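These notes are about the structure you will find just below.
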Amino acid sequence: DAGITQSPRHKVTETGTPVTLRCHQTENHRYMYWYRQDPGHGLRLIHYSYGVKDTDKGEVSDGYSVSRSKTEDFLLTLESATSSQTSVYFCAISRDRVISNQPQHFGDGTRLSIL
Amino acid sequence: AQSVTQLGSHVSVSEGALVLLRCNYSSSVPPYLFWYVQYPNQGLQLLLKYTSAATLVKGINGFEAEFKKSETSFHLTKPSAHMSDAAEYFCAVSFKAGGTSYGKLTFGQGTILTVHP
């Protein structure tokens, strides 16, 4: 299994509070991704990173920010959490962009509930 | 527009029966294609991938998928279902040319497979 650790695994918080999720990898892969998974929507890309300090938006980036100060860590922040951001969040990594046919490998997810 | 569609959000089979999970894509250029499996409370695990080397791709746990360009399909099959195959399966596509999806992985909505004794 790819060395990907997501923390926390579960979190319950209140609307309006800031939340930071962490993804840590031990594979030294260049690309890292944050997805959210919701019933009926599959996985949707929030943000991704193609190197230290290099990030870009995905299809559902509103309300989220990311940072990558080290190769191994990719942080996802909800500046002011809303109930619509209740979801399961997955981190993924890949050696190259998927157009090179390298697959993405996923962490075990963070279940976030915003009350 | 580029898209990926999984037909059937739920599929139910008996143990020992054929498993067929459908995936169709929309793209003028054949993309890279992947199947992932997700067991409860776990992340996604790669089952197999199509990268244009061969149209019939074999994956883990006895699954295989066939790429059919004329049908823009990449259906997942397993000859004989096992109870341990019960999970959610996702088709994912990496489009090679143009559009906002270029270079990213686009997922289908998922198919939940139930296996009955």
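The values are calculated or read from the model by the stated rules, or taken from the named source; none is laboratory data. These figures come from a predicted structure and were not determined experimentally. Neighbour counts run over all protein chains shown; Cβ positions are idealised from the backbone, glycine included. Heavy atoms of the whole protein, side chains included, go into the accessibility calculation; ligands, DNA and RNA do not. Shrake-Rupley method; radii C 1.70, N 1.55, O 1.52, S 1.80 Å.
Go through segment A:8-35 and report how many residues are part of a strand (DSSP E or B) and exposed (fewer than 13 other Cβ atoms within 10 Å of the Cβ).
Selection size over segment A:8-35: 2.
Answer yes or no: is there a residue in segment A:30-38 that is under 22 Å from B:Gln38 (Cα atoms), modelled with pLDDT under 95, facing another protein chain (nearest Cβ under 10 Å) and touching a helix residue (DSSP H, G or I) at 6+ places or on another chain (Cβ under 8 Å).
no
Criterion first (of a type outside the set (D, E, K, R), under 22 Å from A:Leu43 (Cβ atoms), away from chain A (no Cβ under 14 Å) and open to solvent by 40 Å² or more (accessible area, probe 1.4 Å)) does B:Thr72 satisfy it?
So B:Thr72 fits the description; yes.
Output the number of the condition that A:Ser67 fails; it satisfies all remaining conditions of (1) within 14 Å of chain B (Cβ to nearest Cβ); (2) open to solvent by 50 Å² or more (accessible area, probe 1.4 Å); (3) of a type outside the set (Lys, Arg).
It fails just one condition, (1).
Select from segment A:70-98 the residues that are over 12 Å from the mean Cα position of the chain (by Cα) and either more than 22 Å from A:Ile4 (Cα to Cα) or away from chain B (no Cβ under 11 Å) (or both) and list them in ascending order.
Selection gives A:Lys70, A:Thr71, A:Glu72, A:Glu79, A:Ser80, A:Ala81, A:Thr82, A:Ser83, A:Ser84, A:Gln85, A:Thr86, A:Arg95.
Out of the residues in segment B:1-58 that are in a strand (DSSP E or B) and among the small types (Gly, Ala, Ser), state the one that is surrounded by the fewest Cβ atoms within 10 Å (Cβ to Cβ).
B:Ser14
List every residue pair whose Cβ atoms lie under 7 Å apart, where the two residues are 6 or more positions apart in sequence or sit on different chains, the first residue falls within segment B:72-84 and is touching a residue at least 24 places away in the same chain (Cβ under 8 Å), and the second residue, located anywhere, is of a type in the set (Asp, Glu) and not in a helix (DSSP H, G or I).
Short answer, once both residue conditions are applied: B:His75/B:Glu66; B:Thr77/B:Glu64; B:Ala81/B:Glu15; B:His82/B:Glu15; B:Met83/B:Glu15.
Considering every residue within segment A:98-110, establish whether at least one is without any contact (Cβ under 8 Å) to a residue 60 or more places away in the chain and in a strand (DSSP E or B).
Within segment A:98-110, not a single residue is without any contact (Cβ under 8 Å) to a residue 60 or more places away in the chain and in a strand (DSSP E or B).
Here is a list: A:His10, A:His47. Which entry is within 14 Å of chain B (Cβ to nearest Cβ) and touching a residue at least 60 places away in the same chain (Cβ under 8 Å)?
It is A:His10.
Select from segment A:52-88 the residues that are acidic (Asp, Glu) and under 19 Å from A:Pro8 (Cα atoms) and list them in ascending order.
Passing the criteria: A:Glu72, A:Asp73, A:Glu79.
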